Amino acid sequence: MRLELVKRPQRSALFSALSPFIAFVLTMIAGGIMFALLGINPFTAFNTYFVSPISEVWQLHELTIKAAPLILIAVGLAVCYRANIWNIGAEGQFILGGIAGSIIPVMFPTFESPIVLPLCLLLGMVGGALYAAIPALLKTRFNTNEILTSLMLVYVAQLFLDWMVRGPWRDPQGHGFPQTVLFNNSATLPELFPDSGRANWGFVFALVAAVAVWLLMSKMLKGFEVRVLGSSPRAGRFAGFSFNRMVFFAFMLSGALAGLAGISEVTGAINQLQPTISPGYGFTAIIVAFLGRLNPLGIVAAGLVLALTYLGGEAAQTALGISDKVARVFQGMLLFFVLGCDTLIHYRIRLVGLGAPKPDAVPAPKLEEAH
Amino acid sequence: MDIAVNILLTIATAATPLLVAAIGELVVERSGVLNLGVEGMMIMGAVAGFGASYLTGSPWAGLLAAMVVGALFSLLFAVMTLSLATNQVATGLSLTLLGLGLSGMMGTGFVGLPGERLPYLYIPFLSDLPVVGKLLFGQDPVFYISIALTAAVAWFLFRTRAGLTLRSIGDSHTSAHALGIKVIRYRYLAVLFGGACAGLAGGQLSLVYTPQWVENMSAGRGWIALALVVFASWRPWRVFAGAYIFGMIWIGQLHVQAIDLQQFAGAPWLLYKVMELLKSLPSQYLAMLPYLATIVVLVLISRNKRLTMMNTPASLGQPFVPDR
Amino acid sequence: MKKLLIALMTTAAGVSLAANAEAADKLKACWVYVGPIGDFGYSYQHDQGRLEAQKELGDKIETAYLENVAEGPDADRAFERLARENCKMIFGTSFGFMDSMVKVAKKFPKVMFEHATGYKTADNLGVYNARFYEGRYVMGQIAAKVSKKGVAGYIVSFPIPEVVMGIDAFMLGAQSVNPNFKLKIVWVNSWFDPGKEADAAKALFDQGADIITQHTDSTAALQVAEERGLHGFGQSSDMIKFAPKAQLTANTDNWGPYYVKRIKEALDGTWKPDNVWLGIKDGAVELSPFTNMPDDVKAMAEATKKKIADGWNPFTGPVAKQDGSAWLKDGEVADDATLLGLNFYVKGIDDKLPQ
């Protein structure tokens, strides 16, 4: 038996809505088998994974903290990817945003004023945008591949942050440990509902950014320009759009959002700079962008789901005693099923018996029957 | 002279996994597929290589297992992106996530066990020659495989019909398809080859470089391999050069730290000043060098638009579904 | 998928089941690790301590852990989760968890918190640390005796006080045997990258060192020493299996006794937050058997170890700073606060401390 894809005339609204659920069911089946093999009741496992993290108020707060940077970054990346521009260095832009935004609270730790926080956030966005402008400049001036330059700049940013917090910006009262001073209250991103949990304004920024980019992409000329240049640069040029300007626009927009995510994380959740301020948000956000089908509103949902699997994974570690690796494998499974099922939106899948290939059929590869 | 030989040997060991993984990825990308899961396939190869070597007692079996597991793991990517036409960037990143988790799970029982190193080649007389003896005739098997792979891939891509076909698929899958070429079949084979190479690179880590298994031991080398492919503008011998330049900078910055400045007291003024500058730089800046160097080289080689275009697989990363 | 499942099946047995069935009167002790327990280094040793406590105290306690927890908001959540899941005692094993632990400890006054390598305490938050420098002093002495060239290589991760302390102690130990001893230092900017550590070891050997020591986690450097027929020291765990001919001794972290003691106190209701800095005499720093060295060196090492266990501090004057200015007067002992914030080299080290 083998499998063939047949392109649908237009995207299927039915499967657009249905595919996440199919993916979920498939994950349940495959995950259930895995958990059963590990000697864990699959139903307990699913309960721990997907229900327990959203059944308590404090965990809902944590969910927004984890999801906010993913959504903020992914929304910006979606614009890039729609324009067929490949920024995979959001991790570096996130870090530079964190550094640039920390200039005031670190250099003037006693300066307290209501304008400090807005300035921090603004500087964070500027930092991220300028750092993202480097690959854009290199691409437009020297035709370098932006996937590579933006990725390389991630490592440079990580090392730069490392040097800053161990060297020039180290807290003089910090016993020599690699961290800056703790930020004062006016440089701290306030919590939304301090009585019930830690969620902060970062999540609000994420939602606002998602809606704004959604409006930009679907209702404004700029969004049309992004899509045209993304699908056909040639057609875009005929329409009078400049590809080079688009490169800068997409990079700097996504850089600014990644920078905002960085400084929100620093002023909101960490409150100082450390050698590492991101557990890989910039890379995970790439997956989030695609899980959300490059649609800002889809990205909000995807960011929340991915954050849920992180929380669920931790809950499973403590409640079921499975290791961190099992949690990650389960997360990987979910990602694969979701990506795979989205195929149904654009294609019909046809199973063809080996015995009777259609004469005009282009042979498609065989699939593992177990898949 | 001994020290120079030793440094070269160190560089070769550091460069080999990058070279092997990058050569595999080069073939994948030449076929028009971008697999960002190199790190994941590499770490799977590392755990499989160590595990098989430990269980069978033969590091050769380990090497084989590393390749097989790398290829099998890449099959997952192939099914997703080629048969189901999923986005290659997202699928590749997910593959890395899955590989890091799965390898940790499989390797739970192997932590803290000393591994057996793949034997070094030894040819009586030849290996004993001064200088060239150890460099050319006394290294580990993966080193020789890496050179052979580079040569074989260069020959295959530019001297054989199948290689030409593969490149034409990478340049335009639609026209290749129109000519009756089995695009998907070629791509499957390319991805599997890339997986086997990444697995082999991982096997080198756990069987030659540092014979042991520890979680996350690939430590980002898969990403560097990806960088190398583009750095080399998709040319096998440039990948070779790139891997060794990377290795050189990498090892060089360690040596700069360890070196005694007084040794250069009699050296030319400029050399002394350069060494002094390098030594006074914070180590973070030295560690940045390979990445900055990549960007600089990239700028230099990309300036000639026409030349770059000629080598870049035009349909890289785009899904292809045969149309009827 | 099938392949994956087979792989999963074969490894199912290897997955540790930390949590047992809930029992009301059991004390639940929990750990948060910064790295994977499979690193065979820092986090691994803490987990060995957890397993020892579990074994020692049997069904009186149950344990759970979270591994690979990033510092920052993830750590906040990890501690909060454990506190909410009825952990009565929570150990956090990374310096970077400090502020998370302070925050969460304030919120859960009934939970006992223990933070390794930090300095902030509270009514329900104690700190503990180990004087690894004690072992390093002994290692320095051994190095100076065993080295033929009088040059050792030192692979280091990051310039934090803990690491600087180790370098200084090692050098003081070596100088006590050979005043002209030389130390070559290479920063690899990573706690854990076996390949890079192996490369650094090779570079140091090529630059004239014939003994290697490292403040990074993997066994790679020792394996290089073994291959070259030279010597080195293990770090965190006893690595003799990896280098039977090369390892002189290993400076191992042994957290088990401390964990057992503290959990017992919690069971008895006598636990109080404390600020302890454990050393050789408490068994928290253990030097694995002295091997691959002549008997007289072994005897010297044993004697120094005993001297330290009896209360002598390797940081006893006269000690000069790197620039030659005086630090400790004759007989003066460095106080703990200075050591915990140590950010300068002692005289004789030819390297610039990264600032």
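Brief remarks on what is shown
- Peptide A:266-278 - average C-beta neighbours from other chains (10 Å radius): 3
- The A:Ala17 and B:Ile147 beta-carbon pair, evaluated with R₀ = 56 Å, returns a calculated FRET efficiency of approximately 0.55.
- Gyration tensor (alpha-carbon) shape descriptor, segment C:235-299, a/c threshold 1.5: prolate
- Residues B:Ile259, C:Ile61, ranked from the fewest to the most other C-beta atoms within 10 Å, line up as B:Ile259, C:Ile61.
- Average beta-carbon neighbours from other chains, 10 Å sphere, peptide B:202-211: 3
- Rounded to whole Hz, the Karplus (6.51, -1.76, 1.60) HN-Hα couplings of segment B:253-258, x for glycine and proline: 5, 5, 5, 4, 5, 7
- Shielding by other protein chains, C:36-44, mean Cβ within 10 Å: 6
- Mean residue ellipticity (222 nm) of chain A, computed from DSSP H runs ≥ 4 via -39,500 (n - 2.57), nearest 500: -21000 deg cm²/dmol
- Relative to the current alpha-carbon distance between C:Glu302 and C:Thr338, full extension at 0.36 nm per residue lengthens the span by 10.2 nm.
- Here's the list of lysines a cross-link from C:Lys26 could span, going by alpha-carbon distance under 28 Å and ignoring same-chain residues fewer than 8 apart: A:Lys325, C:Lys55, C:Lys60, C:Lys88, C:Lys103, C:Lys106, C:Lys107, C:Lys110, C:Lys261, C:Lys264, C:Lys272.
- Gyration tensor (alpha-carbon) shape descriptor, segment B:26-139, a/c threshold 1.5: oblate
- By the helix-only formula, in which each DSSP H run with n ≥ 4 contributes -39500 (n - 2.57) and the sum is divided by residues, chain C has a 222 nm mean residue ellipticity of -12000 deg cm²/dmol.
- GNM flexibility winner over chain C from C:Glu67, C:Glu85, C:Glu226 (Cα, springs under 10 Å): C:Glu85
- Placing unit charges on the Cβ atoms only, positive for Lys and Arg and negative for Asp and Glu, gives segment C:16-130 a dipole magnitude near 380 debye about its Cα centre.
- With viscosity 0.692 mPa s and temperature 37 °C, the Kirkwood radius over alpha carbon pairs of segment A:64-321 converts through Stokes-Einstein to a diffusion coefficient of 177 µm²/s.
- R0 of 60 Å, Cβ-Cβ distance B:Trp237-A:Ser55: FRET efficiency to nearest 0.05: 0.55
- Helix A:324-341 and the longest principal axis of the Cα set of chain A meet at an angle near 50°.
- For chain A, modelled as a GNM whose springs connect Cα atoms under 10 angstrom apart, the maximal fluctuation among A:Pro118, A:Pro296, A:Pro53 occurs at A:Pro118.
- Where both bridge residues fall in segment C:16-130, DSSP classifies roughly 5% of the beta bridges as antiparallel.
- For A:Ala269, net neighbour charge (Lys/Arg +1, Asp/Glu -1) across residues whose Cβ lies under 15 Å away: -4
- Cα pair count fraction exceeding 36 Å, expressed as % - chain C: 24
- Cα-based helix-to-principal-axis angle, A:201-219 vs chain A, degrees rounded to 10: 50
- Extension reserve of the A:Ser196-A:Phe238 stretch, reckoned as 0.36 nm per residue once the Cα distance is removed: 9.6 nm
- Considering only C:Asp210, C:Asp253, C:Asp59, the Gaussian network model of chain C with Cα springs below 10 Å gives its largest mean-square fluctuation to C:Asp59.
- Extending 7 Å from Cα along the Cβ direction at A:Phe24 and again at B:Asp260 yields two label points whose distance is 6.9 nm.
- Shape box of the protein assembly as shown [Cα atoms, principal axes, largest first, Å]: 91, 76, 55
- Karplus-based coupling profile of segment A:276-287, in residue order and whole Hz: 10, 10, 9, x, x, 4, x, 7, 4, 5, 5, 5, with θ = phi - 60° in 6.51 cos²θ - 1.76 cosθ + 1.60 and x standing for Gly or Pro.
- Anisotropy class of segment C:16-130 from Cα gyration tensor, a/c 1.5 cut: oblate
- Close amide H pairs (under 5 Å, H built 1.01 Å from N) link C:Trp31 with C:Ala64, C:Tyr65, C:Leu66, C:Phe91, residues at least 5 positions away or on another chain.
- Largest-first principal axis extents of the Cα set of chain B (Å): 74, 52, 41
- Only beta bridges with both residues in chain C are counted; by DSSP, about 15 percent of them are antiparallel.
- Using the rule -39500 (n - 2.57) for each DSSP H run of four or more residues, divided by the residues of chain B, the 222 nm mean residue ellipticity is -23000 deg cm²/dmol.
- Arranged from fewest to most other beta-carbon atoms within 10 Å of their beta carbon, B:Thr312, C:Thr316 become C:Thr316, B:Thr312.
- Geometric descriptor of segment B:116-212, per residue, is 121 Å³ (volume of the convex hull of the Cα atoms).
- In plain terms, the residue of A:Cys341, B:Cys197, A:Cys80 with the fewest other Cβ atoms within 10 Å comes first and the most crowded comes last, giving A:Cys341, A:Cys80, B:Cys197.
- Centroid-to-centroid separation of segment B:269-308 and segment B:114-170 [C-alpha atoms, Å]: 28
- Averaging Cα coordinates gives a centre for segment B:1-33 and one for segment A:13-87; these two points are 38 Å apart.
Read the figures in this text as sums done on the coordinates, not as results from a lab. Just so you know, these numbers come straight off a predicted model, no measurement behind them. All Cβ positions, even for glycine, are placed from backbone atoms using ideal geometry, and neighbour counts span all protein chains on display.
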